[in-house]
Amino acid sequence: MRKLHCLGTGTGASNFLCGAPSSGYLLTGPEDLLLDCGLGVGREVMALTEGKLPRHVYLSHTHSDHTGELPVYMAVQYAQATGRLELYGHEDVLNWVRDHRLHELT
């Protein structure tokens, strides 16, 4: 059975100012799926998954409150060696994220 967990609905500023996570949801089930990876979301995911980060991530759009924590998330997920991270989303979103958000990982 799948279950949808709300990880945060704030903006990037909400994470910066008060520590509340910005946008993200976790769909748990046979294969967990993270929906957006905004600032502060990684910590919430770790709490729900006992530290094991899902390897499937859907990105709705490019704003930092939806993709800002992705580089750190990817680095930690890679270190866990739980399999190759799979990114999903519109082609334009994924291209922008690869070019502008993930450049520090190359």
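The values are calculated or read from the model by the stated rules, or taken from the named source; none is laboratory data. None of the values given here were measured: they were computed from a predicted structure. We place every Cβ from the backbone using ideal geometry, glycine too, and count neighbours over all the protein chains shown. Each accessible area value is taken on the protein alone, full model and side chains, heavy atoms only, with ligands, DNA and RNA left out. Shrake-Rupley method; radii C 1.70, N 1.55, O 1.52, S 1.80 Å.
Restricting things to alpha carbons, tell me how big the chain is in terms of Rg and Dmax, in Å.
When restricted to Cα atoms, the chain yields Rg and Dmax of 12.7, 37 Å.
Sorting MET1, MET74, MET46 by accessible area (1.4 Å probe), largest first, what list results?
Values: MET1 215, MET74 45, MET46 75 Å².
Putting MET1, MET74, MET46 in descending order of accessible area: MET1, MET46, MET74.
Region 62-85 to region 12-46: how many Å between their Cα centroids?
Cα centroid of region 62-85 versus Cα centroid of region 12-46: 11 Å apart.
Select from region 23-99 those trypsin sites (Lys or Arg not before Pro) which occupy a DSSP coil region and have at most 16 other Cβ atoms within 10 Å, ordered by residue number. The partial results should precede the final answer.
Working: sites: ARG43, LYS52, ARG55, ARG84, ARG98; in loops: LYS52, ARG55, ARG84.
Filter output for region 23-99: LYS52, ARG84.
Just for the chain, what percent of DSSP beta bridges are antiparallel, to the closest 5? Walk me through the numbers before you get to the answer.
Values: 8 of 15 bridges.
Among the beta bridges of the chain, antiparallel pairing accounts for roughly 55 percent.
GluC sites (Glu not before Pro), restricted to region 17-61: which are DSSP loop and have at most 15 other Cβ atoms within 10 Å?
Numbers: sites: GLU31, GLU44, GLU50; in loops: GLU31, GLU50.
Those satisfying the criteria are GLU31, GLU50.
When all protein chains stay in place, what accessible area (Å², nearest 10, 1.4 Å probe) is found for SER60?
50 Å²
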